Amino acid sequence: MRATAITLVLFQHFLVLVRLHSPWTLPFDDWAAIGVDIFFALSGFLIGRILLKLGSTVVRPRELLRFWMRRWLRTLPIYYVMLLVRVLIAFAIILYLKMDLNLWRQVLPYLFFMQSWTRAAPLFFQETWSLTVEEWFYLLFPLLWVVAIRSGVKPFRAFVLVSAFMLLASTIMRLVAVPGIPLLWFSGIYQVTIYRFDSIAFGLLAAALSVACPKIWARWRWLGLVFGVGLLWLDRRLMLLDIRYNEVGYLGVWHCSITGLGSALLLPWCSSVERLFWQPLQSLVGLISRWSYSLYLTHGAFIVSVQFIFPLQIGQSAVWAWGIVAVTVGLSFALAGAVHRWVEKPGMALRERWKFTRQEQATLLHGQTSA
C-alpha cells in the first residue's frame, strides 16, 4: 500500500513536466492525487497500532518520550538534510537570476514545521506540507490521549474518542473556513495542517477496529475494498462537478473526508496481502516501500532543477519531455537510494537505543490487556 501511495504521488508530480505536451495525462493526474490521502490513512493505521500497544503505559513521560524519539529519528534526519539541499538549490537559482529575495524568511518556518500550519506552504519545498500534518498530529494526539486517560477514561476508549475528536475538529474548521476561501480550496484548505488531521484520524480508527474486532476486520476486507474504491471514484466525480460549476463547497469540506474514509476502507484488504504473484514485482514493490520516504523528500529537488535548466516551451517534442521525465525519475531513485543508505538507515539504527527491553515489553502487554 505504501508503494502504491508513493507511486501515485510521484506520478502526479512528474506529470508537471509533460502536461504541456501530453494533455491526455490530466485525468490520470486527478486519480494520482489520492496518493497523499492513502499515505495519511496508512500512517494513522500503522502508528495507531503502535500507540495501542502502549496502552495505559503512555501516561508515563518516559514511554511518551520513547514514542516521539523513535518517530523523530525516523523522520527528522532526512528532512533536515533535504531541507539543506533545497536551500542550496534555491540559493543558486537566486544568485543566477540576480533576484532580490529574502530566502531565509521563507526557510525559518520549515525548521519548526510551521510552513503550512494555518496556510499553504510556499512553493519552496512545498511537498513537505503533508509531513507537517503528520508531525503535528503525532505530537498532539498522544498528549490529548494522555489527558483523556488521566481524566479516568480507559485507554482504548480514550484512543477512539480522541481520534473522533480530531476528525470532527478538522471537519468543523473546514466548514467554518470555506465561505471565506472561495475557489482557493487547494492552497487554503487542502494543504493546511489544521484542516487535515481527519485524514490521519481515519487510519487511527481503522487501527482501533483491527485490534478490537480482528475477525470482522478480516471477514469484511473485500467489502471494504469495494466500498473504498467506490468512495474514491465518487469523490473524483463530485470534484469535477465543483470545478465545472466554479464551486468550492464539496472540495473545501467533504473532499478530504471522503478520500480519508475511502483510503481507510482499503486497509483491511491491503493488510491481508502478504505476497504478490510475481517475485520480481514483489522485490520492486518492497524496494519502493523501503525507499518511499526518501523518494518523497528527494524527488522535488530534481523536478525544480529540471524545470529551471530545461524550461517547458510550446513546440517542444513530447518525446523530449518524456525523456526529461525518464531522466528525472532515474536521478530521483538514485538520490533516494543514497539518502536512504547514508541518512535514513543510520537514523533508524539510532532508534534501537530507544527500543523496549523484555521487561518493558511485558509491562506494555499488561498495559494493552488492561486497556
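The values are calculated or read from the model by the stated rules, or taken from the named source; none is laboratory data. Everything numeric here is computed off the predicted structure, so don't read it as measured data. So basically every Cβ, Gly included, is an ideal-geometry build from the backbone, and we count neighbours across all protein chains shown.
Computed quantities for the displayed model
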| item | result |
| --- | --- |
| Residue match in region 213-228 (condition: under 20 Å from Ala32 (Cα atoms), in contact with a Gly (Cβ under 9 Å, 6 or more places away or on another chain) and modelled with pLDDT of 95 or more) | yes |
| Options Phe14, Phe39: the member that is assigned to a helix (DSSP H, G or I), under 22 Å from the mean Cα position of the chain (by Cα) and at pLDDT below 90 | Phe14 |
| Residue, surrounded by the most Cβ atoms within 10 Å (Cβ to Cβ), within region 98-128, restricted to residues that are of a type in the set (Ser, Thr, Tyr) and in contact (Cβ under 8 Å) with a residue 40 or more places away in the chain | Ser116 |
| Residue within region 203-217 that is within 26 Å of Arg119 (Cβ to Cβ) and within 22 Å of the chain's Cα centre (by Cα) present | yes |
| Matching residues in region 39-61 - criterion: being of a type in the set (Lys, Arg) and more than 15 Å from Val147 (Cα to Cα) | Arg49, Lys53 |
| Qualifying residue in region 140-160 (condition: more than 30 Å from Thr57 (Cβ to Cβ) and surrounded by 16 or more Cβ atoms within 10 Å (Cβ to Cβ)) | no |
| Residue match in region 159-173 (condition: free of Cβ contacts under 8 Å to residues at least 24 places away in the same chain and under 12 Å from Arg196 (Cβ atoms)) | yes |
| Among (1) modelled with pLDDT of 95 or more; (2) under 15 Å from the mean Cα position of the chain (by Cα), the one test that Ile34 misses | (1) |
| Any hit, region 18-36, residues being β-branched (Val, Ile, Thr), more than 30 Å from Arg353 (Cβ to Cβ) and either touching a His at 6+ places or on another chain (Cβ under 9 Å) or not in a helix (DSSP H, G or I) (or both) | yes |
| Of all residues in region 289-303 being out of contact with any Lys or Arg (no Cβ under 8 Å at 6 or more places or on another chain), in contact (Cβ under 8 Å) with a residue 60 or more places away in the chain and not aromatic (Phe, Trp, Tyr), the one that is farthest from Val16 (Cα to Cα) | Ser294 |
| Yes/no for Arg275 being among the charged types (D, E, K, R) and in a helix (DSSP H, G or I) | no |
| Number of positions in region 16-55 that are over 16 Å from Met239 (Cβ atoms) and small (Gly, Ala, Ser) | 6 |
| Tabulated pairs, region 86-97, first closer than 19 Å to Glu127 by Cβ and basic (Lys, Arg), second outside any helix (DSSP H, G or I) and modelled with pLDDT of 90 or more, C-beta under 8 angstrom, 6+ apart or interchain | Arg86/Phe125 |
| All positions within region 33-87 that are surrounded by fewer than 18 Cβ atoms within 10 Å (Cβ to Cβ), aromatic (Phe, Trp, Tyr) and under 29 Å from His255 (Cα atoms) | none |
| Top-ranked residue in region 186-202 [being assigned to a helix (DSSP H, G or I) and more than 20 Å from Leu51 (Cα to Cα); ranked as modelled with the lowest pLDDT] | Phe186 |
| Options Leu232, Leu238, Leu251, Leu312: the member that is touching a Leu at 6+ places or on another chain (Cβ under 9 Å), outside any helix (DSSP H, G or I), among the aliphatic types (A, V, I, L, M) and more than 29 Å from Trp342 (Cβ to Cβ) | Leu312 |
| Region 104-130 - residue that is of a type outside the set (Ser, Thr, Tyr), part of a loop (DSSP other than H, G, I, E, B) and modelled with pLDDT of 90 or more and, of those, nearest to Leu10 (Cα to Cα) | Phe125 |
